[in-house]
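K.L.:
Below is the structure I would like to discuss, written out as structure tokens.
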Amino acid sequence: MNKTQTPQTTTAADATRMALVKAALQLFGRQGFDGTSTREIAAAANANIGSIAYHFGGKEGLRLAAADYIVETIQTIAAQAFGSSAPALPDNAEQAEAQLDATVERMVGFIVARPEAGEIVQFVLRELSTPTDALDRIYSGVFEPVHRRLCQLWATATGEQAESEKTRISVFMMIGQVVYFRIARAAVMRRMDWADIGPAEAAKVIGIAKENVAAIVAARKAGKP
């Protein structure tokens, strides 16, 4: 650390950096990368426009930092569901089903109930429609490893092969039933006559999502189509 640098200035710099990342995440998701100016980002973050180049090297670097923030956030959620940052695979089907249950609960609790998840989903949807290096980071940091882990749990729970086409599709469907409540949030609230999707509503979604997963797992274990 430079002798003239103090903990206070380091903290202020970190705060500015995080404010810029969160502002970029929100604006890139809402308006798109090309539709968002660095001036808008700086204003939303209450930061000097020059701080974008200082911290990230420019707008593209900021987009990558937003992707890294998404990876770190979802890795934390996944670690909570799996029990640790580097958990061992369950020994039996019962333990695997318990981890699948925990994963569904964590996914709903974050993706459906927490407001900041909307900004993350919007950003990711933009990247999925027009892939960039940011999507590469999100895929390699979250999509592929988390999906692979869930496939391993699914395989232990059902007796199917972890990397079979059937298992991979099944896991995508398990995730999709949760994500729908975020991307179609306005329609869900209207159809359900909900003023919001808070803890009480999320609990109802969690219950049914768990029932769905348990029913599919039970059918696969019994050898049903």
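The values are calculated or read from the model by the stated rules, or taken from the named source; none is laboratory data. Please read these numbers as outputs of a predicted model, since none were measured by experiment. Heads up: the accessible areas ignore ligands, DNA and RNA and are worked out on the full protein's heavy atoms, side chains in. Shrake-Rupley method; radii C 1.70, N 1.55, O 1.52, S 1.80 Å.
K.L.:
Taking the chain as a Gaussian network, Cα atoms linked when under 10 Å apart, which of Ala214, Ala184, Ala155 shows the biggest mean-square fluctuation?
P.N.:
Taking springs between Cα atoms under 10 Å, the residue moving most is Ala184.
K.L.:
Shifting gears a bit: If you average the sequence gap of Cα pairs under 8 Å that are 6 or more apart and divide by the length of the chain, what percent do you get for the contact order? List each step's numbers first, then the result.
P.N.:
On the way: 209 pairs, mean separation 46.8, N = 225.
Reported as a whole number, the value is 21 percent.
K.L.:
Return the label of the correct value of percent of Cα pairs over 22 Å apart, as calculated from the structure shown, out of (1) 58; (2) 53; (3) 48.
P.N.:
(1)
K.L.:
Carbon and sulfur atoms: what percent of the 1.4 Å accessible area of the range 44-104 do they account for?
P.N.:
49 percent
K.L.:
Go through Asp133, Asp68 and list them by solvent-accessible area, largest first, probe radius 1.4 Å.
P.N.:
Final ranking, largest accessible area leading: Asp133, Asp68.
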